[in-house]
Amino acid sequence: MRFFLPKKTDGISLIELLIYLAVLLILMVGITEIFLITMRVRARSNAMFAVNENARVVLGKMRDAILDGTAVATSGTCPANSLDVTIAGSITRFQVTNGIVEIVEGVNPAKSLTAANVVVSTGASCLFTKMNNPAPAKPTIRIQLRVTYNTPGNVVTEISQDYELAVSLR
């Protein structure tokens, strides 16, 4: 009596190999898409952080100078005017030059307050507006900034935020 044993197979067939490759391809496409979405979200978050951080630094420095100041004056023409704050007899000037907020303290050279990856501008109005309040109140300065992340042509990181702050002399 002869027994028929099943044929011993070594390896996998071509059909099995194609099925494995198709499943692997689907998994890789899914993983790649998740990676790309994560990278876009990360880039957008970094842009938002840069815009908010630069605005926080600039507005904080301006607010502190106005609160410490004894007199304020605006100069120049709208929308790109400048702010002069007198602090302890010395004039501190805030100005926007080529999209960068600069501070000039006394006779020192201008220092940049914003990073190169953001552009600061105004909306439709003046950057600085001095509002004279009735006596005995001191003047109030209204600051209006638009901070934009500087990546021309990149739709993912096209972020622009408007900020407004009003500060009175003490």
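With +1 on each Lys and Arg Cβ and -1 on each Asp and Glu Cβ, and nothing else charged, work out how big the dipole of the chain is about its Cα centre, in Debye to the nearest 20.
The dipole magnitude comes to about 320 debye.
Run the accessible area of the chain with a 1.4 Å probe and give the carbon-and-sulfur part as a rounded percent.
63 percent
Relative to the longest principal axis of the C-alpha atoms of the chain, give the angle of the C-alpha long axis of helix 14-68, reported between 0 and 90° and rounded to the nearest 10°.
10 degrees
Which of L17, L25, L145 moves the most in a Gaussian network model of the chain with Cα springs under 10 Å?
L17
Within the chain, how many lysine pairs that are 8 or more places apart, or on different chains, have C-alpha atoms less than 21 Å apart?
Lysine pair count for the chain: 4.
Which entry is the computed percent of Cα pairs over 28 Å apart for this structure: (i) 46; (ii) 22; (iii) 18?
(i)
Mind checking the per residue accessible area of the chain for me, 1.4 Å probe, whole number of Å²?
67 Å²
So if we plug the beta-carbon distance of L27 and V57 into 1/(1 + (r/R0)^6) with R0 = 35 Å, what FRET efficiency do we get, rounded to 0.05?
Efficiency computed from Cβ-Cβ geometry: 0.20.
With a cut-off of 8 Å between alpha carbons and a minimum separation of six or more residues, what is the relative contact order of the range 14-170 in percent?
Worked out over the range 14-170, it gives 21 percent.
Using protein chains only and a probe of 1.4 angstrom, how many square angstrom of C78 are accessible, to the nearest 10?
70 Å²
On a full-extension model of 0.36 nm per residue, what is the gain between I37 and V155, subtracting their alpha-carbon distance, rounded to one decimal in nm?
Gain on stretching I37 to V155: 41.1 nm.
Calculate the spin-label point distance for T140 paired with L165, positioning each point 7 Å from the Cα along the beta-carbon direction, and give it in nanometres.
It works out to 1.6 nm between the two label points.
With the Cα gyration tensor of the range 26-113 giving a ≥ b ≥ c as the square roots of its eigenvalues, does the rule (a/c under 1.5 for rounded; else a/b larger than b/c for prolate; else oblate) give rounded, prolate or oblate?
In terms of gyration-tensor shape, prolate.
The values are calculated or read from the model by the stated rules, or taken from the named source; none is laboratory data. Keep in mind it's a predicted model, so treat the numbers as computed, not measured. Using ideal geometry, Cβ is built from the backbone for each residue, glycine included, and neighbour counts are taken over all protein chains shown. For the accessible areas, the whole protein counts, side chains as well, though only heavy atoms, and no ligand, DNA or RNA atoms are used. Shrake-Rupley method; radii C 1.70, N 1.55, O 1.52, S 1.80 Å.
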